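Asks: Sharing a structure with you now.
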Amino acid sequence: MTITQNYILTLTAEDRVGLVAAVAGFLAEHDGFILDSQQYADLELGRFFMRVEFKGAGERFPASLDVLTEKFTVIGDRYALDWTLNGDATKPNIVIAVSKGSHCLNDLLYRWKTGGLPVNIAAVVSNHENLRALTEWHDVDFHYLPVTDSNRAEQEQAIVNIMEQEQADYLILARYMQILSDDLSSRLAGRCINIHHSFLPGFKGAKPYHRAHERGVKLIGATAHFVSADLDEGPIIEQAVERVDHRASVEEMIRIGRDIEAQVLAKAVKWAGEHRILLNGNRTVVFR
């Protein structure tokens, strides 16, 4: 029996003795060969997190993902695990939402086209037409969904419809300059990733780099996080900063900030595609 696909098991559970042994024992019993294993015990909350990547290495290994899933259900039920099992050949589908800024979208499209992102970009939605040409040049469907105060509910439902049509696992807000409603934020809990400058909450609102320049900040940064009903306070996935000094103009700060935003968002999307991000209340566990 020739096995060409790797598998990724992720799980969370109430921490208890024997979880690692149970997983390792199950894989050994079914000729599973562990390629990478990471685990973390949150002693404060009493929660356990684990990610295991493995492949088949013998005749006892199940012939399909469905059979493997069925067999592992016994372990999942016994230890009350919240778990997922995926084949690495199946890439998560994502829909990207943008407004006028192109830097994050362009970076994601380029990385995806060149094989640098383990996801499938199924569609791009936008409340402006500006980025249609860029999107369609990469052979990705572009959906123009203008939004006003009077049609916001209908516009958000259109986004949901596109995600359902494309069977999208994630909505990525790549500088989408609209605040999602509490309803949509709740519906997409753990499935919507946003990027913003890390001046927040000190520099909320328009022109944050202008305001940061006025205050003489010394660090430019960006934060990728899951969206929640609390604006810009969802679980943080990744952050990065770069130091600046008094010589940096507003234009230079914007350029540096855009570069960091693109890099941080790309990391978050990559880790989501590789099933490396596990929610832990208002925090995340990221197995890099």
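Asks: Please go through the stretch 238-288 and give me each residue that is more than 24 Å from D88 (Cβ to Cβ), crowded, with 21+ Cβ neighbours inside 10 Å and touching a Pro at 6+ places or on another chain (Cβ under 9 Å), ordered by number.
Replies: Listed by number, the list holds a single entry, G257.
Asks: Out of the stretch 170-197, which residues are among the charged types (D, E, K, R) and closer than 16 Å to S126 by Cα? Give the steps one after another, and end with the answer.
Replies: Of the residues in the stretch 170-197, the ones among the charged types (D, E, K, R) are 175, 182-183, 187, 191.
R175, the sole residue that qualifies.
Asks: Next question, about the same structure. Which condition number in (1) within 27 Å of P118 (Cα to Cα); (2) modelled with pLDDT under 95; (3) in a helix (DSSP H, G or I) is the one that G234 fails?
Replies: (3)
Asks: Right, another one. How many residues does the stretch 246-282 contain that are free of Cβ contacts under 8 Å to residues at least 12 places away in the same chain and either assigned to a loop (DSSP other than H, G, I, E, B) or in contact with an Asp or Glu (Cβ under 7 Å, 6 or more places away or on another chain) (or both)?
Replies: 1
Each row is one residue, and each column tells you yes or no for (1) free of Cβ contacts under 8 Å to residues at least 60 places away in the same chain; (2) in the same structural domain as Q157 (by TED's automatic domain parsing); (3) within 22 Å of N280 (Cβ to Cβ); (4) of a type in the set (K, R).
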{"residue": "T73", "(1), (2), (3), (4)": "yes, no, no, no"}
{"residue": "D77", "(1), (2), (3), (4)": "yes, no, no, no"}
{"residue": "W83", "(1), (2), (3), (4)": "no, no, yes, no"}
{"residue": "V98", "(1), (2), (3), (4)": "no, yes, no, no"}
{"residue": "H103", "(1), (2), (3), (4)": "no, yes, no, no"}
{"residue": "Y110", "(1), (2), (3), (4)": "yes, yes, no, no"}
{"residue": "T114", "(1), (2), (3), (4)": "yes, yes, no, no"}
{"residue": "V119", "(1), (2), (3), (4)": "no, yes, no, no"}
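Asks: Can you pull out every residue in the stretch 73-99 that is within 14 Å of H275 (Cβ to Cβ) and of a type in the set (A, V, I, L, M)?
Replies: Selection gives L85, A89, I94.
Asks: Continuing with the same structure: Out of all the residues in the stretch 180-192, is one or more more than 28 Å from K113 (Cα to Cα) and among the basic types (K, R)? If you could, list the steps in order and put the result at the bottom.
Replies: Of the stretch 180-192, the ones more than 28 Å from K113 (Cα to Cα) are 180-187.
When the remaining residues are screened for being among the basic types (K, R), the result is 187.
Yes, the stretch 180-192 contains a residue that is more than 28 Å from K113 (Cα to Cα) and among the basic types (K, R).
Asks: Looking only at the stretch 39-66, how many residues end up being among the charged types (D, E, K, R) and part of a strand (DSSP E or B)? Quick ask: steps written out before the conclusion?
Replies: Initially, the stretch 39-66 is screened for residues among the charged types (D, E, K, R), giving 42, 44, 47, 51, 53, 55, 59-60, 66.
Now drop any that are not part of a strand (DSSP E or B), which leaves 42, 47, 51, 53, 55.
Residues flagged as among the charged types (D, E, K, R) and part of a strand (DSSP E or B) within the stretch 39-66 amount to 5.
Asks: All but one of (1) without any contact (Cβ under 8 Å) to a residue 60 or more places away in the chain; (2) touching a helix residue (DSSP H, G or I) at 6+ places or on another chain (Cβ under 9 Å) hold for R175, so report the exception by its number.
Replies: (1)
Asks: Of the numbered conditions (1) over 18 Å from I277 (Cα atoms); (2) outside any loop (DSSP other than H, G, I, E, B); (3) free of Cβ contacts under 8 Å to residues at least 40 places away in the same chain, D36 satisfies every one except a single condition; which is it?
Replies: So the condition that D36 fails would be (1).
The values are calculated or read from the model by the stated rules, or taken from the named source; none is laboratory data. Keep in mind that this is a model prediction, so the values were computed, not measured. Note that each Cβ is placed from the backbone with ideal geometry, even for glycine, and that neighbours are counted across all protein chains shown.
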